[in-house]
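K.L.:
Okay, handing you the structure first.
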Amino acid sequence: MLIDRGYTEVRPLAGGLDAWVDAGYPVEELAE
Amino acid sequence: MHRLIAAILRHGVPLVFANVFLEQIGIPIPAIPTLVIAGALARDGQLSSTYVLASAVIASVIADWIWFLLGRRYGHRILSTLCRISLSPDSCVRETESYFERWGMKSLLFAKFIPGFSTVAPPLAGAMKVSTFQFLIFDAIGSFVWAGAAVAAGRAFHHAIGKLLKRLEDLGWWAVVFIASLIALVILFKWWQRLRFYKKLRIARVSVEDLKGMIDRGESPIVLDVRTRASLRRDMRRIPTAIVASSAEEVASQLEHIPPANPIILYCT
């Protein structure tokens, strides 16, 4: 879908949010 | 192939049970050929359809229940691990959750007909803390429909299956080579598709360390949190500055004013 819209510099984050949290980096709480 | 038929005739129901259990627990030994052949043999009166079906359903429910309990114990991490070893890890968790979001427990009724979803659905149900009773009911019905369809296909096409088996039997080891090559080709095709997709996007995945560095340097990439609503409800945290976009419409709306040359980093769980 992103490609169809012309975005070519699209990169998935390896390990996703779990890897970010496991690395001890800060997170924000989402509002309800 | 002859050995498979001989083994089905000799061990019958226990073999069906073992094959279905191993497949559902995640070992790539397809149970459908065994069920179809068992169905064809049942039509010829050499096996009991009822016992074949009962053993398949029981084996399937036991294996799924184990995954369900693992999902309940370890949450969505077990799902991420399962998806990481699949051929489409980036879409696996998200697609599975999308099915569940759309269909709820009813998705267990057709889960077994969708490659990959079959093994991932039970731990997801466990991670979502659905009731064990409800899970077992839906899973048993889904297993019955899946195994029943294979056995019914075997019964319906027993003549054609008999001829096909005879031909494969005549080919001897060449039949094994042919089937193994076919499976290898499918796996290679999936890998090629994946490599081509990555190449097209010019991506090597970005590591969390790289992303942190980019944010610290003020490069401010567009970070998209594309987790499903269910996933967001489970974990109400996000990477700072990430834009939450749980559906295609939300992604489109959030990117409306972002130029296509802008780097985008997206993440799920």
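K.L.:
In the range B:241-263, is there at least one residue being more than 25 Å from B:ARG77 (Cα to Cα), within 7 Å of chain A (Cβ to nearest Cβ) and touching a Pro at 6+ places or on another chain (Cβ under 7 Å)?
P.N.:
For the range B:241-263, residues more than 25 Å from B:ARG77 (Cα to Cα), within 7 Å of chain A (Cβ to nearest Cβ) and touching a Pro at 6+ places or on another chain (Cβ under 7 Å): present.
K.L.:
Just wondering, is there one or more residues in the range B:197-206 that are surrounded by 16 or more Cβ atoms within 10 Å (Cβ to Cβ), at pLDDT 75 or above, in contact with a Lys or Arg (Cβ under 7 Å, 6 or more places away or on another chain) and closer than 30 Å to B:VAL130 by Cβ?
P.N.:
The answer is no; no qualifying residue exists.
K.L.:
Ok, one more. Any chance you could count how many residues in the range B:212-266 are over 27 Å from the mean Cα position of the chain (by Cα), part of a helix (DSSP H, G or I) and within 18 Å of A:GLY16 (Cβ to Cβ)?
P.N.:
Residues meeting the conditions: 4.
K.L.:
Turning to a different aspect of this structure: Out of curiosity, is B:ARG237 modelled with pLDDT under 85, at the interface with chain A (Cβ under 10 Å from one of its Cβ atoms) and surrounded by 13 or more Cβ atoms within 10 Å (Cβ to Cβ)?
P.N.:
So B:ARG237 fails the test.
K.L.:
Now for a different question. So which of B:ALA252, B:ALA245 ends up being out of contact with any strand residue (DSSP E or B) (no Cβ under 9 Å at 6 or more places or on another chain) and free of Cβ contacts under 8 Å to residues at least 24 places away in the same chain?
P.N.:
Exactly one of B:ALA252, B:ALA245 is out of contact with any strand residue (DSSP E or B) (no Cβ under 9 Å at 6 or more places or on another chain) and free of Cβ contacts under 8 Å to residues at least 24 places away in the same chain, namely B:ALA252.
The values are calculated or read from the model by the stated rules, or taken from the named source; none is laboratory data. Since the model is a prediction, treat every value here as computed from it, not as a measurement. A quick note on method: Cβ atoms are made from the backbone with ideal geometry, for glycine too, and the neighbour counts reach across all protein chains shown.
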